[in-house]
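Working notes, beginning with the structure itself.
Read-outs throughout are calculated quantities, based only on the coordinates presented, and are distinct from any laboratory measurement. Just so we're clear, the structure is a prediction, and the values are computed from it rather than from any experiment. Here the Cβ positions follow ideal geometry from the backbone for every residue, glycine too, while neighbour counts run over all protein chains shown.
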């Protein structure tokens, strides 16, 4: 209920409005103090979840891969961006494997084997993704055709 | 421009609107199914989740009889409600093994004391490594594993009473 509705109900009595506002403040404070019921474990993040690899080239490889892997919990975020614990554990997994000398493409396909192409933001070259690759080309061709038509129309006037 | 071409934007708009309406009426399923179903359990070896109890390895799951593999955690709220269902399945002869995700022995012991313990073995997966190797995307999840250690079915989310006949049938089928 809005404050205005509350004061109307109480016949515009300012005392009532004040009382209502006070209840609102108490409710707001309680909401701030309440901890959200998000189920998270009590364990600290995995070692490499929020720590860069000492080798800059490897860290760059890991970062590039993590930005292309989709978080299973906060779907729509990459595991590089997500605060979810599972994303942290996946960052740890990516960094550990890169540090052990595994190629990013091998890690990606290992994850695709588990979760399907869903896990990767990079579009595949499978037939399902062909419209994605062909649409820009088709749009370019359509644009070229439109321009050509306009030039022809102008020339004929 | 011909009349037909003029209708294109309108048709595109209708196309867009019907797409939006479709997804509003029938929201997309956000569960990410494991691609490991119908494949062998990947190799893993987890230490015991409770001191003095057995841990869990992939070999334990290919023991010549079907297993139910439950991915759970003491900090997972739906997992508590699932306890009764798993115990009922265990009472009916199903071997239930568990993988505890990011858990501590103390919290796990308290959880089992509170909700019952249907597990034959519980492996401790402190960095979700085995969970990821199984293609599992959260807790709770349950895998039906056949006598040869091949994953045959994945249940995403907590099992409830209505799942019991189905799970029993599947366990019987993969025996």
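Each Cα pair of chain B feeds into the Kirkwood radius, which the Stokes-Einstein equation turns, at 20 °C and 1.002 mPa s, into a diffusion coefficient of 120 µm²/s. Peptides A:105-117, A:138-150, B:100-112 ranked from most to least packed by the mean count of surrounding Cβ atoms within 10 Å: B:100-112, A:105-117, A:138-150. With coordinates expressed along the principal axes, the C-alpha atoms belonging to the protein assembly as shown extend over 92, 69, 51 Å, beginning with the largest. What separates the Cα centres of segment B:11-64 and segment B:114-175 is a distance of 11 Å. Per residue, the protein assembly as shown reaches -15000 deg cm²/dmol at 222 nm when only DSSP H runs of four or more residues are counted, each adding -39500 (n - 2.57). Averaged over peptide B:27-38, the number of partner chain Cβ atoms lying within 10 Å of each residue's Cβ comes to 3. Measuring r between the beta carbons of residue B:169 and residue A:157 and using R0 = 56 Å, the FRET efficiency lands at 0.15.
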